[in-house]
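Report on one structure; see the data block that follows.
The values are calculated or read from the model by the stated rules, or taken from the named source; none is laboratory data. Here the structure is a predicted model, which means the values were calculated and not measured. Keep in mind that these areas ignore ligands, DNA and RNA; they rest on the heavy atoms of the full protein, side chains included. Shrake-Rupley method; radii C 1.70, N 1.55, O 1.52, S 1.80 Å.
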Amino acid sequence: MYSYDEVEAIKTNLEWIVNQATVNQPSPSKADQKTLMSLLELIQAYELLLDLINEFGNTIIDKDVAEGLSTTEMFIAKIKSRTHAM
């Protein structure tokens with residue numbers, strides 16, 4: 001089961017990825033722009049999830065949500081290992 005702090009850490013890591021991408025590439029390609037927009041949407045989804053956890057507790061994190069969180073963590077680890085930023 002994921003806690004509020006763990007979900008917040010995932011969101012923070014996604015924000016870091018977006019920030020790194022925009023700093024390192026001031027004029028991203030169309031494909032990169034699309035990816036960045038998708039990441040920003042994912043960040044918003046995690047903000048909503050944090051609001052829900054705050055209101056209803058972490059019991060709202062069902063199997064599917066936990067699977068999504070786990071997949072996001074794997075994505076973050078992959079990006080950070082490529083940039084050597086653990």
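Between Ser70, Ser29, Ser38, which gets the highest mean-square fluctuation from a Gaussian network model of the chain, Cα cutoff 10 Å?
Among Ser70, Ser29, Ser38, the largest GNM mean-square fluctuation belongs to Ser29.
How do Met1, Met37 stack up against each other in accessible area, from largest to smallest, with a 1.4 angstrom probe?
Ranked from most to least accessible, the order is Met1, Met37.
Accessible area per residue for the chain in Å², computed with a 1.4 Å probe and the full protein assembly in place, what is it?
Heavy-atom SASA per residue in the chain reads 69 Å².
Just reorder Glu15, Glu47 by solvent-accessible area, largest first, 1.4 Å probe, all chains present.
Ranked from most to least accessible, the order is Glu47, Glu15.
To the nearest 10 square angstrom, how much accessible area does Thr83 have with a 1.4 angstrom probe?
In the full protein context, Thr83 sits at about 80 Å².
Leaving ligands, DNA and RNA out of it, report the carbon-plus-sulfur percent of the accessible area of the chain at a 1.4 Å probe.
Carbon and sulfur together cover 55 percent of it.
Note the listed values (i) 1.07; (ii) 1.15; (iii) 3.16, then indicate which one is Cα Rg over 2.2 N^0.38 Å calculated from this particular structure.
(ii)
Identify all aspartates and glutamates with a Cα-Cα distance to Lys11 below 14 Å; exclude those on the same chain that are fewer than 8 residues away in sequence.
Glu41, Glu47, Asp51, Glu73
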